[in-house]
Amino acid sequence: MKKITFIAIIITFLIIFNLTNAAYCCMDRETGQNKCYLDDDGECCGGYWYPSCYGFNVTVSGSNVLRIGQKTPITIYIQNTGAYTDTYDISVTGVSPSISPSQIEIDMSGSNQVTVNPNEVSKVFPQITILAPVTGEITFTIGSSQASFKTIIHSIFESDYYLSLPEFTQFSMLGLTLFITIIYFIRRQRYLS
């Protein structure tokens, strides 16, 4: 009788422990086995283990060629690593002190917000226009509607700009000056005669 009571107590304890522990364990998407999380290393989202139900990663890439006076698109990649679809707001939160606001324009139209499905990557294309030779950094902030926010930095190096206007070579300037001089003398001759 003592053995049966002891076994009943053990079975009851195991059942209760298993039910209370069930909230901390769920199926791993990759292995298909139960995975239990401790110390905030993940959470159950829709019955599967994720590091975060609304996690995301952000990277930025852009052209190394910024032309003065021309819009240059850069690409911001937003990867939804969470379990649910999420919406992200993208904004410019700063430029480095070496860049004057009058020297740069950042066009965020069409790049302010994006919705990304789980395990997918979406791209947005803000456009940068430099109005003078500049160096420095542009800080973008990406905020999730359900999670926190992240910041990324796009650097502009001194070698990133080229002359983009139809710059005149010395020969062209000489030719233009000669042409204007000839026109001036022809008109002057006609006026004097």
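The residue pairs whose first member lies in the stretch 113-133 and is on the phi > 0 side of the Ramachandran plot, whose second member is outside any strand (DSSP E or B), and whose beta carbons are closer than 8 Å, counting only pairs six or more residues apart or on different chains, are 119/81. The set of residues from the stretch 83-114 being surrounded by 18 or more Cβ atoms within 10 Å (Cβ to Cβ), under 17 Å from the mean Cα position of the chain (by Cα) and outside any strand (DSSP E or B) comprises just one member, 111. In the stretch 54-75, is there at least one residue being surrounded by 17 or more Cβ atoms within 10 Å (Cβ to Cβ), at pLDDT 80 or above and assigned to a loop (DSSP other than H, G, I, E, B)? Looking for residues that are surrounded by 17 or more Cβ atoms within 10 Å (Cβ to Cβ), at pLDDT 80 or above and assigned to a loop (DSSP other than H, G, I, E, B), one finds at least one in the stretch 54-75, hence yes.
Among the residues of the stretch 117-128, not a single one is surrounded by 17 or more Cβ atoms within 10 Å (Cβ to Cβ), under 30 Å from residue 47 (Cα atoms) and of a type in the set (A, V, I, L, M, F, W, C).
The values are calculated or read from the model by the stated rules, or taken from the named source; none is laboratory data. Please read all numbers here as calculations on a predicted model, not as lab measurements. Glycine gets a Cβ as well: all are built from the backbone with ideal geometry, and neighbour counts include every protein chain shown.
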